[in-house]
Amino acid sequence: MPPTSQESMKDYSVEVEQMKVTLPIAMLTVLLLAAPGFAQTTTTTTTTTTDSATGQPVVTPPPPLPPDTDRDGDNLPNEFIIGGFVGGSFARNALQTAVDFGANFDYLHNGAFGVEFLAGFAPKFKLDRLAGTDSDLNNYVFNVIAAVPVGEFHAVRPFLSGGVGALTLSQGTTTSTSTVVNTTAALFQPSETHFGGDIGGGLMAFTGAVGIRADVRYFSSIGHKNANQPSGAVPGTLLSVLDNTSFWRANVGLAFRF
């Protein structure tokens with residue numbers, strides 16, 4: 001005879017009551033069985049052994065964590081750093097502050113010592129001996145650089161650098177209405193080119209591969225030379241207008257390391 005509806009409801013109630021009892025027991029059993037394995041995976045910092053001579057337990061400390069060789073203080077990677085900057089050239093033979101811009105390319109061995117190339121351009125430089133007329137005063141220098149990596153992941157780099165290269169001066173480069181023509185003439189057909197040097201320092205700070213770079217730098221011509229052409233001579237002399245020329249430059253810009 002098939003069970004009645006009342007008997008079916010009674011059987012269902014019995015099953016529910018059994019589940020209320022067995023389910024917590026099953027969950028507790030699983031937890032108890034898993035606990036030793038969990039403890040084993042999380043308690044790996046120390047090891048306890050027994051001294052065979054004294055019978056006393058001996059606790060062995062955990063081995064030290066491996067160093068972060070990516071940016072560890074003694075294992076900084078070799079880095080290339082490129083960047084662009086903008087700022088101003090001022091003081092000394094500059095009658096007033098002139099806007100400049102440029103780029104840098106650095107190589108740092110272990111993030112600390114290396115070489116760099118700097119190129120800076122000041123298209124409206126007012127040189128005192130030219131009565132403050134606008135001229136293009138550019139610089140191209142190769143420097144030795146020394147940095148001190150500090151901070152977490154050595155992301156901050158105070159640095160000093162200095163070296164030698166060339167200062168170039170272009171006069172009368174605004175004869176064309178084309179900016180491209182004038183800029184090309186200033187870069188590749190300067191009125192004067194003079195041996196020079198620079199020294200300065202600043203700070204680089206990075207977040208990952210991207211950062212900022214700021215520096216203050218002193219530039220000066222080195223030695224004496226005759227002008228390339230009479231129009232480029234100091235009035236009353238044959239010396240280049242870049243003889244004894246010096247100025248300061250302050251810049252800030254973006255930097256990328258890889």
Any residue on another chain or 5+ positions along whose placed amide H is under 5 Å from the amide H of Ile222 is listed here as Phe195, Gly196, Gly197
Expected sort for Leu167, Leu95 with the fewest Cβ neighbours (10 Å cutoff) up front is Leu95, Leu167
Burial-style ranking of 151-158, 211-218, 243-250, average other-beta-carbon count within 10 Å with highest first, yields 243-250, 211-218, 151-158
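Taken together, the values in this text are just the output of simple stated rules run on the coordinates, not laboratory data. Note that the coordinates shown come from a computational prediction; the quantities given were computed from them, not determined experimentally. Reconstructed Cβ throughout: ideal geometry from the backbone, glycine too, with neighbour counts over all protein chains shown.
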